[in-house]
Amino acid sequence: MAWVEVHYNYLLVIILLMTGLWAMIGKNNLIKKCIGMCIFQNAIIMFYISMGAKKGATIPILKHVPGAHGHGPESYISDPTIYANPLTQILMLTAIVVGVATLGMALTLVQKIYREYGTCEEDEILNCMSEEQDHELPLQDELKA
Amino acid sequence: MKALSLLLALFVGFLLIGVLDDLPAWGDAKSPANSYVSAYYLKNSMEQTHVPNVVTAVLADYRGFDTMFETGVVFVAVIGIMAILRRDPKEEDSETGDRPPHAPPEGFILGVATRFIVPFMQMFALYVIAHGHHSPGGGFQGGVILGASLILMAMTGELESALDRMREKWFIVLVAGGFLLYAGVGLGCMFFGGNFLDYSALAPLLGGDPKAAAIMARYHGMLWVEIGVAFTVMSSMFAIFAYLSSDGRMDRGL
Amino acid sequence: MIWPQDLIWTYDFTLLVLVVATAALSLALKDLMGAAIVFGTYSFFMCLLWTVMGAVDVAFTEAAVGAGVSTVFFIATAYNIKKEAKD
Amino acid sequence: MDQLPILIIVFPLFTAFALTLLGWFRPAVCQPLTVVGLLGSSLSAIATLAQVVNSGPISYHLGGWAPPFGIEYRVDALNAMVLMMVSSVALLVAVYARKPVQKELGGKISNFYTLFILLVTGLLGITITGDAFNLYVLLEIAALTSYALIALGRGRAYMATFNYVILGTVGACFYLLGVGFLLIKTGTLNMVDIGSIVPSLSGSRAILVAFAFLMMGCWLKMALFPFHGWLPNAYTNAPTAVSCLVAPLMTKVSVYVMLRIMFTMYSVDWVFSVITWKPLVMALAVIAILMGSCFALAQRNIKRMLTYLIVAEIGYMVGGAWLGNASGYIGASYHILADGLMTVCLFMVVGSIVYKRGRAHIEDFKGAFSTMPWTMGAFILGALSMIGVPPTCGFFSKWYLLSGAYQSGDYAFGVALLLSSLINAVLFIRIVETAFFSATSDEEPDPHSHQETCYADSPPSMLLPLWASALALLAMGLYSSEIVTRWIQPVIPGGLL
């Protein structure tokens, strides 16, 4: 139990990572692949944040020394151990926004694929594409003949 | 294909579980990640940039170049989606796949509620942008809330009414303008002799004794940069929603 | 916000279970609109989890961008395409 | 002057703003503006290379902060070379793309050029940055722009791009996970700083797993053998101007990222003695070369054939880097330059054929010598370089790779190199034979290309960049000893014997 006590956040990261990765490649519906992609990115953000979390630490906004109201650097507590790690949080702001941008692009492509093939299921799309392929080939043969 | 993906997911999971013991225990303050670079930020951010919210200080100043390219990612997403989806409404729907019949919004209650909520959302968003130095928040969060207020108008009312307030030409100009403001502040620092995005080079603009002016220049440089980010993120979130919901025709949305 | 040692375990653990449950449910639902809305709740629980861990800015962004805008994008796409998914 | 490294990025970035704002009102101004922006960027890249070769690596502090705390641009000879290649190839394609874009993407000219120049900005940023996380953000910009550009193609491009989006995101997230593991063990994000801390931790498993994820991310981005599924469909269905830009640059920059990870973040003795991956990676490289060449043989569409050749060329570079000796490293880095030029030359030829005759299947090359002599002349030079005939640069990179393989005893890699050169020879001679000997099929009208423009050669705005890249192949070959001794020699990592 102690081992789980120390690492239980990383376990969540691993579960989400595997779910997201499996859904992204294994799922049949394109929208479900996008949901899998978001879960996969969220798992990595979770990994960074749990790396930067400290037991008993508060949010990384500098607190006033009790009683001091000045604005100089001396009137703020700047001991790093009582604040959470700001560096990993910056990186994850970027990762979230990148995730949304990629999601927007992926959903645009899903709509275009739906306009093109009338379906969102990967296996049906592949069948349509292979049929297009077959009916293209005979055209080439009589061109050569 | 399904089995292969399961295999890959299991392999990645196995790789990660194998490494769990080697990682520092969760939540201890002495782990390398929490002690080397981030300790420097926590110790020095107040005297170097005069910003209590260390997250905003590192986001906009120490690693401001990352955030500039993050705004670039949002900008690219809008231009890319516009390039793929955009087509003029007159073009008949040649491809297969029907579009759902459009039900005009008849919700009177929704209309009144939206007209009541939207101003407060936008006021709160401006507060989030402006107060990013002292409280959680900043350019991204404020920009998304502004975008969400526009999306709320587009969803409850007609996309047309939202587009009347924010023509397509305007949100493309705003997307480019916000990113230009960000990169322009960076370029301005180069004209004043500093490196790219070195706000302390803007100290001569503020006057007064150079040391204090350099710190306050960083403080205000960050605020300008956050405003640029807010513009870009606001108009890009609304643009992506408008293109997605109207499938590129910008005529009628959700 | 000092970290209450005893309470955190139960509070944090329920959040972990909820996050995994909503993620799995969102992938399993056949109705795409339903999956989009459950995905919104998944993002919201992630936002709560990060607030507990002290990452307030990230939680704010995740609430606004993840729960807010991503769900709206999913709903906009699900509205324009066929609502039923085969799997 | 010391602002040179950032100028390489600032020129195309501000051109992108100008394109978005002006392109809305006057699309005609977009192409010249792009050429001007890229010209500024390649001039400052050449100036940076000259400064680096003369006075050693440059370290540019972004935002005025010292490296481990701020982001740093670290330019040594290797990335200055790749910078120059990326910006000059992009300049050539910008000049070349004027006609094909007008013909294929009529309505979206301003969007196309904005995405075009932002893709080049992303690639230049990846090459020049010295910060691990900044590299991830720029990787995402380059990826997003290439998704949008490839999706501009009609019909089948959407599904190909969707697969590319999924696999590209998996690759980028693996890279991010690798950087996360490095951050948790070393605490910094600066590559050189990581490189100085990693030897002290070389025993820990987290560093090994970080290397595994970083490598999986790079291999996915560069489409090495097991992860190459997305590349042929994506590059074939893209519009011609897009495949001319994306094909030569995206994969080469990912190989550069792999070199940067292996030799800057980690050290030579870590990669070759602490972990024993060399046989596995060499096997992957050999399979990539053989598989790429054989699949190329089976293709009727010349553009698809060239995409499979790219997968084979990636096998060359990965194999060269993992040989573990100096001449292998020289071969790999020289091949990044050579392959960029070769691929852009061949794709421009295929683009001209598609521009003139609508399609690039092998029978469309019939009688191309008589009707399009200049284009096919450049094709000959590109083909000779791809096969590896002495005066061109292809020969010298193969020469270094072969001698490296011989020195380190990886005979399978050497045999694969020779075999793929033979297969390349068969491929290109087959095309030359169709183009030269069989007469143009003018007796029965070609259904897919109208009569009057079918037989004039491609316009000068397409011929000029084509011949510039062909002559650059020759020039790089003739000056190869100069390039190797002045540029690559000082950059060879210490441990390589």
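Each value in this text was obtained by applying a stated rule to the coordinates, not by laboratory testing. Bear in mind the structure is a predicted one, so any value in this text is a computation, not a measurement. Backbone-built Cβ (ideal geometry, glycine too); neighbour counts: all protein chains shown.
Computed from the C-alpha gyration tensor, the three semi-axes of the ellipsoid equivalent to segment D:155-216 are 32, 10, 8 Å, from longest to shortest. In this structure, the pairs whose alpha-carbon distance is over 26 Å, taken from A:K32/D:K185; A:K112/C:K30; B:K2/C:K82; A:K33/D:K303; D:K303/D:K366, are A:K32/D:K185; A:K33/D:K303.
For the peptide D:152-161, the mean number of other protein chain Cβ atoms found within 10 angstrom of a residue's Cβ is 5. Computed per residue of chain D from DSSP H runs no shorter than four, each worth -39500 (n - 2.57), the mean residue ellipticity at 222 nm is -24000 deg cm²/dmol.
Principal axis analysis of the Cα atoms in segment D:196-246 yields extents of 49, 22, 11 Å, listed in decreasing size.
Note on chain B: with a GNM built from Cα contacts shorter than 10 Å, the maximum mean-square fluctuation among B:F108, B:F65, B:F241 falls on B:F108.
Need one word for segment D:7-124: rounded, prolate or oblate. Basis is the Cα gyration tensor (sqrt eigenvalues a ≥ b ≥ c); a/c below 1.5 gives rounded, then a/b vs b/c decides.
On the way: a/c = 3.08, a/b = 1.91, b/c = 1.61.
Prolate, since a/c reaches 1.5 and a/b exceeds b/c.
Taking every DSSP beta bridge that has both ends in the protein assembly as shown, the antiparallel portion is near 90%. Compactness of chain B was expressed as the Cα radius of gyration divided by 2.2 N^0.38 Å, which yields 1.28.
From the C-alpha gyration tensor of segment D:1-272, pull out the three semi-axes of the equivalent ellipsoid (sqrt of 5λ each), sorted largest to smallest, in whole Å.
Semi-axes (√(5λ), whole Å): 32, 23, 14.
Give the separation of the Cα centroids, segment A:54-124 to segment B:1-26, in Å. Here the answer is 24 Å between Cα centres. In this label model, D:S273 and A:C128 are separated by 5.8 nm, measuring between points 7 Å along each Cα→Cβ vector. Where is the GNM fluctuation largest for chain B (alpha-carbon springs, 10 angstrom cutoff): B:D28, B:D164, B:D198? Judging by the Gaussian network model, the answer is B:D28.
Between B:K169 and B:V118, what FRET efficiency comes out of the Förster formula 1/(1 + (r/R0)^6) with R0 = 22 Å and r the beta carbon distance, rounded to 0.05?
E between B:V118 and B:K169, to the nearest 0.05, is 0.50.
The residues D:V170, D:V344, when put in order of fewest to most other Cβ atoms within 10 Å, stand as D:V170, D:V344. Angle between the Cα long axis of helix B:108-130 and the longest principal axis of chain B, 0 to 90 degrees, nearest 10? Orientation of helix B:108-130: about 20 degrees from the principal axis. Taking only the Cα atoms of segment A:12-105, the radius of gyration and Dmax are 18.7, 61 Å. For segment B:131-192, the C-alpha radius of gyration sits at 1.45 times the compact-globule guess of 2.2 N^0.38 Å, with N the residue count.
With runs of 4+ DSSP H residues as the only contributors, calculate the mean residue ellipticity of chain B at 222 nm using -39,500 (n - 2.57) per run, divided by the residue total and rounded to the nearest 500. -22500 deg cm²/dmol, from helical runs alone.
Once divided by 2.2 N^0.38 Å, the Cα radius of gyration of chain D becomes 0.93. Relative to the longest principal axis of the Cα atoms of chain D, the long axis of helix D:302-322 lies at roughly 20 degrees.
Think of it as helices only: each DSSP H run of n ≥ 4 in chain A is worth -39500 (n - 2.57), and spread over all residues that comes to -25500 deg cm²/dmol at 222 nm.
Averaged over the residues of peptide A:71-82, the number of Cβ atoms from other protein chains lying within 10 Å of each residue's Cβ is 5. Out of every Cα-Cα pair that segment C:7-80 contains, those further apart than 14 angstrom amount to 60 percent. Debye sum, Cα scatterers, the protein assembly as shown, no solvent: what log₁₀ I/I(0) at q = 0.10 1/Å? Debye curve over Cα of the protein assembly as shown, log10 I(q)/I(0) at q = 0.10 Å⁻¹: -1.20.
Need one value for D:12-25: mean number of C-beta atoms belonging to other chains within 10 Å of its residues' C-beta atoms.
Counting other chains' Cβ atoms within 10 Å and averaging over D:12-25 gives 4.
With contacts taken as Cα pairs under 8 Å at a separation of at least 6 residues, chain B carries a relative contact order of 26 percent. Computed on chain D, with alpha-carbon pairs under 8 angstrom and 6+ residues apart, the relative contact order is 15 percent. Arranged from fewest to most other beta-carbon atoms within 10 Å of their beta carbon, B:H133, D:H335 become B:H133, D:H335. Among B:W224, B:W26, B:W170, which one shows the highest mean-square fluctuation when chain B is modelled as a Gaussian network with alpha-carbon springs under 10 Å? Result: B:W26 has the largest fluctuation of those listed. Computed from Cα atoms, the angle from the helix B:168-191 axis to the main principal axis of chain B rounds to 10 degrees. Restricted to Cα atoms, segment D:252-390 shows a radius of gyration and a Dmax of 17.6, 59 angstrom.
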